[in-house]
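Take a look at the structure set out below.
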Amino acid sequence: MDRMNDRALALSRALSAEESSDRLQAALTAGTHPDDSYLGPLLERCAVEPDFYVRDMLTWALTRLPLEHVLPRVIDETRSGVPQARSQALHTLSKLGDQRGYEVITAEHLHDAEDEVARAAWRTAAGLVPYDEREALARSLVLELGRGDLTVMRSLSRAFVELGEAGLPALLAATLGEGDASREAVVKHARATMRLLEDPEATFVLE
C-alpha cells in the first residue's frame, strides 16, 4: 500500500510541474505504465490542467486503467461543482466508450451554462446514445440551437451529424415559423445543421 501511495504521490508532483511539456510527459508515462494508484492523481489533475494537450493525455492515461475502477470515479466527476472537472469527465466517458456512461448524462449537462461542459455533453451523448433513444436526445439538443459563437454552434451541429437521420424531425420543426432575432438564429443554425447532415464534409455556414 505504501509503495502504491508513493507512486501516486510521485505522479501528483510530476503533474504539477511548471512546464506543460513535463506534465505531458508525466501523463504519457502514467498511461504507458498504468497503475491503479494513478487514478486519483489523474482525475484531480483533469479538473485544473490548463493545457489542452496535457488534458487529452490525462484522459488517455485514464482509459488505460481497468474500466471497472475508472468508470465509477469518472461518473462521480460529472457531478463536480468545478466546470472543467465535469467537461473532462464527460469527455473521458466518450473515450471509455461504455454505454453506461450515457445514463449519467443529464439535462443539466446538455444545457449547462458553461459552454465547454455542454459541448462535451453533446458529443458524448451523441456517441453513446442507444439507437432507440436518438430521437429523444435530438429533441433535447434542438433546444440549444442558436447558442453561443460559431465554435459552440458547430459542436452542436456535429452532434446532430452523429445522430444522423434521427435528428431530422427535431431540426425540421426548428425551422418553422418566424420571430425575433433569437428565433432567426435558431432557424439559421437548424438549416446549417441540416446541410451538414446531407454533406458532413461541407463548410459550416449560417445563412
* Considering the convex hull of the alpha carbon atoms of the chain, report its projected area averaged over all viewing directions, in nm², one decimal. => 12.6
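Under the 0.36 nm per residue contour assumption, what length would be gained going from the current alpha-carbon distance of E133 and L9 to full extension? Write down the numbers at each step before the final one.
Details: separation 124, 0.36 × 124 = 44.64 nm, distance 4.26 nm.
Taking E133 through L9 to full extension adds about 40.4 nm, to one decimal.
Where does the range 31-141 land on Rg/Rh, using Cα atoms and the Kirkwood Rh? Please list the in-between numbers first.
Values: Rg = 13.5 Å, Rh = 14.0 Å.
My calculation puts Rg/Rh at 0.96.
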* To do: Please order M57, M194 by the number of other Cβ within 10 Å, starting at the fewest.
  => M194, M57
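Set the Förster distance to 35 Å, then compute FRET efficiency between F204 and D98 from the Cβ-Cβ distance, nearest 0.05.
Details: r = 30 Å, r/R0 = 0.86.
Once rounded, the FRET efficiency stands at 0.70.
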* Structure fact -> Expressed as a whole-number percentage, the relative contact order of the range 64-207 with C-alpha contacts under 8 angstrom and at least six residues apart is 17
* Asked: Where the eigenvalues come from the Cα gyration tensor of the range 114-207, what are the semi-axes √(5λ) of the equivalent ellipsoid, largest first, in whole Å?
  -> 19, 14, 13
* Could you give the length gained on full extension between L143 and T29, defined as 0.36 nm per residue of separation minus the Cα-Cα distance, in nm? -> 36.9 nm
* Structure fact -> For E19 and L150, extending 7 Å from Cα along the Cα-Cβ vector and measuring point to point gives, in nm, a value of 3.6
* Asked: Most exposed first by the Cβ proxy, i.e. fewest other Cβ within 10 Å, how do E108, E103 rank?
  -> E103, E108
* Structure fact -> Of Y53, Y38, Y102, the most mobile residue in a GNM of the chain (C-alpha springs, cutoff 10 Å) is Y53
* Choice from H91, H69, H109 with maximal GNM fluctuation in the chain (Cα, 10 Å cutoff) -> H69
* To do: Please work out how much length the chain gains when fully extended from V82 to E165, using 0.36 nm per residue of separation minus the C-alpha to C-alpha distance, in nm with one decimal.
  => 26.4 nm
* Can you pull out the GluC sites (Glu not before Pro) in the range 7-59 that DSSP calls coil and that have at most 15 other Cβ atoms within 10 Å? -> E18, E19
* Asked: Under a point spin-label approximation (7 Å from Cα along Cα-to-Cβ), what is the A113-H69 distance to one decimal in nm?
  -> 3.7
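Every number here is computed from the coordinates shown, using simple stated rules; none is lab data. Source: prediction; values computed, not measured. Quick reminder, even Gly has a Cβ in these numbers, built from the backbone with ideal geometry, and neighbours come from all protein chains shown.
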